[in-house]
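J.: Have a look at the structure that comes next, please.
The values are calculated or read from the model by the stated rules, or taken from the named source; none is laboratory data. Every value quoted in this text rests on a predicted model; they were computed, and no experiment measured them. Ideal geometry is used to build each Cβ from the backbone, glycine not excepted, and the neighbour counts take in all protein chains shown. Note: accessible area is taken over every heavy atom of the protein model, side chains too, but ligands, DNA and RNA are not part of it. Shrake-Rupley method; radii C 1.70, N 1.55, O 1.52, S 1.80 Å.
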Amino acid sequence: MHTREVTYKLIMIFFLVSAFQMVFAQAYKKDSLQIKAYTEIEFRNGQPLGITLKKVFCDYCSEKQLKLLGEDAIRRTASEKHDPKNTLKNGKKKLAVYIRIAKTDFAAIREDN
């Protein structure tokens, strides 16, 4: 009977820990934004020639916010351009870049600065 009680307690602890992890894992959604941007890397002979920003998906962003998010997307793409899964011999590789930013940091980007 003792082993059954221990097993029952361990199962209950496991479920409680799992529930807390799920609650805290989703907490970022409440206080941050996720913005998607499309970029494109042009390759010739396996070497990256340039990166262009295609579009930043943000309906509520100001022009300055769009510009800064676009620059961040290009910077993130530049760090990924030599990754083997993102390289081509010749052609253009399109990437989707997801930017997560805290709402407070996003609101701090003002037009007048």
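J.: Dividing the Cα radius of gyration by the Kirkwood radius, what Rg/Rh value follows for the chain?
T.: When Rh is taken as the Kirkwood radius, the ratio is 1.27.
J.: Calculate how steeply helix 2-25 sits against the longest principal axis of the alpha-carbon atoms of the chain, using the helix alpha-carbon long axis, and give the answer as 0 to 90 degrees to the nearest 10.
T.: Its long axis makes an angle of about 30 degrees.
J.: Leaving ligands, DNA and RNA out of it, report the carbon-plus-sulfur percent of the accessible area of the chain at a 1.4 Å probe.
T.: 59
J.: Sticking with this one: Mean 1/r over all different Cα pairs, inverted: what Kirkwood radius does the stretch 70-113 give, in Å?
T.: That comes to 12.8 Å for the stretch 70-113.
J.: Where does helix 63-80 land angle-wise versus the long Cα axis of the chain, in degrees 0 to 90, nearest 10?
T.: Helix 63-80 and the main axis of the chain meet at about 80 degrees.
J.: Please report how far the C-alpha centroid of the stretch 77-109 lies from that of the stretch 29-74, rounded to the nearest whole angstrom.
T.: Here the two parts' Cα centres lie 6 Å apart.
J.: OK, next. Using mean Cβ contacts within 10 Å as the protection proxy, how do 37-48, 85-96 order, highest first?
T.: Sorting 37-48, 85-96 by mean packing, highest first, produces 37-48, 85-96.
J.: Applying 1/(1 + (r/R0)^6) with R0 = 25 Å to the Cβ-Cβ distance of GLU63 and ASP105, what FRET efficiency is obtained, to the nearest 0.05?
T.: 0.90
J.: With charges set only on the Cβ (+1 for Lys and Arg, -1 for Asp and Glu), what does the dipole of the chain come to about its Cα centre, in debye to the nearest 20?
T.: Dipole magnitude for the chain comes out near 440 debye.
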